[in-house]
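Report on the structure given below.
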Amino acid sequence: MPTTKGQRLHYLYETSDEGGKERFVYSCSECSCILNVCAALEPVGDTVESLGNRCPGCGSALEARVSCRSAHIPERWSEISRSAYSAEKARGETKVEFQTAASLRGFSFNFAPLDALVAHYIDPNWSVAFTGRCANAVAEFLCFRAQLPKEAGGSDSSVVLIDGGNRSDLYLFSSYAKLYGCAPKKALRRVVTSRAFTMYQMADLVVNQLARVVDEYGAKVVVLSDALGLLGGESGVREDEARRLAGAVWRGLEEVKREKKVLAFTTLVTKTPYDRVMTDHADVLVSLEESGASIEGTLLKHPFSKSPSSQQRFRLRDLIFHNRPGRKAGGDGG
C-alpha cells in the first residue's frame, strides 16, 4: 500500500460537518482517502494527474474513482492539497508507485503506431490489456522488447509469460531476436514460459506461483497471453465459477504487479463472456483486429484520455521489421 513519508493520510470518515471551514473535499471512492482540499472547485483531472493516477491510500487507479463533496473540514486538514503531494513526489519522498515511466526510463514499445495509440506514455503502475485476434503478435513482441537494455526502451530483464491459449509462436519470437541481432536461443532462455491447459491451472499459476517465479528469475515484466481463452467455447465451467476464476486471475496479477513492481500486460485473444472482468479494470485497453492485410489498433481506454477511440493501422510485417538497420519505425498511419 503506497504511503507518503512526510504527509499523514486522512480519510473521509474522519470529517464532521460541525465547525471548521467549508471546503471542497476530493477523495478516493475506493478507500475514502482525502486527495485534495480546496476553497474553489478544481478540475478532477488536475488531482488525478498530480497524483500519477494512483491513490496514496490504497494504490487504486484514480480515473473514475475520485468523488467531490462540500464539507466542513477539521483544522488539521488545512495542509492537505494535491500540490503538497506533488511537492513530496518531486522531492523523492514517495515510494516508486508515484514515479513516472519517463523518470524511470521505463518500458516503451518503440513502434510508432503503438506508441501513438497510448500517447507515448505508459506508467509502470498501469495495467495494460490488448484484445482481438492480433493481440498475440504484440505479446511475443513484448516478451522480446522487455529483454532489451533500458537505454533501448526495454527493462533489461527476464520475462514471465503465462500462456492460456497455447499461442506462443517461437518462429515469430525468433524473428524479433534475429532482427535485433540477438541469438534466438539466448533470448528464449530469458522468457520463463508456463502453459495452462485449464482455467483452474491458469488461476493457480497467477495466484499461487507467479510471485515466486518473478523473484526466482528477477523478472520485471509479466505477460498473460490469451488470459481467459480457456473459458471460451465448450469450457465446461459453470458461469458463476468462470467469473470467480476470471476475477481471481485479475486480482492475482494486480497483487503481483503492486508487490513486485513488475510491468503487467494482458492479451485477450479469444472472445469470452467474461472479458469485462478484466477490461473494465484495465488502465489502458487497446483492440487489435485484422483489417484486410493490416492490423487496425484502436485505443478503447486510457487514464488521461477523455475520448479515446483513436486508431492506427499497420502491418504485422511493420511490427517485425521496424527496427531493421536502415529502416525507420512506423506503420501506415491511422
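Remarks
- Check on L263, out of contact with any Asp or Glu (no Cβ under 6 Å at 6 or more places or on another chain), at pLDDT 85 or above and not polar (S, T, N, Q): yes
- Taken over region 47-62, the residue count meeting the criterion of being modelled with pLDDT of 80 or more and part of a loop (DSSP other than H, G, I, E, B) is 6.
- Test: residue in region 113-123 that is touching a Pro at 6+ places or on another chain (Cβ under 9 Å), at pLDDT 75 or above and not hydrophobic (A, V, I, L, M, F, W, C): yes
- So S32, is it open to solvent by 10 Å² or more (accessible area, probe 1.4 Å), closer than 30 Å to V284 by Cα, modelled with pLDDT under 80 and touching a Leu at 6+ places or on another chain (Cβ under 9 Å): yes
- Looking across region 124-142 at every residue that is part of a loop (DSSP other than H, G, I, E, B) and at pLDDT 80 or above, the one that is surrounded by the most Cβ atoms within 10 Å (Cβ to Cβ) is identified as N125.
- Total residues in region 176-206, condition of a type in the set (V, I, T) and more than 16 Å from F144 (Cβ to Cβ): 2
- Test: Y176 is over 25 Å from S287 (Cβ atoms), open to solvent by less than 50 Å² (accessible area, probe 1.4 Å), modelled with pLDDT under 75 and hydroxyl-bearing (S, T, Y): no
- The requirement of being open to solvent by 50 Å² or more (accessible area, probe 1.4 Å), in a helix (DSSP H, G or I) and at pLDDT below 75 is satisfied by E151.
- Verdict on K5 being at pLDDT below 60 and touching a helix residue (DSSP H, G or I) at 6+ places or on another chain (Cβ under 7 Å): no
- Checking region 82-104 against the condition returns a match, with at least one residue being modelled with pLDDT of 65 or more and either closer than 18 Å to N53 by Cβ or in a loop (DSSP other than H, G, I, E, B) (or both).
- Taken across region 270-287, residues that are modelled with pLDDT under 90, of a type outside the set (A, V, I, L, M) and within 13 Å of T131 (Cα to Cα) do not occur at all.
The values are calculated or read from the model by the stated rules, or taken from the named source; none is laboratory data. A quick note: this is a predicted structure, and the numbers were derived from the prediction, not measured. Positions of Cβ are generated from backbone atoms using ideal geometry, with glycine treated the same way; all protein chains shown enter the neighbour counts. Quick note on the areas: whole protein, heavy atoms, side chains included, nothing else; ligands and nucleic acids left out. Shrake-Rupley method; radii C 1.70, N 1.55, O 1.52, S 1.80 Å.
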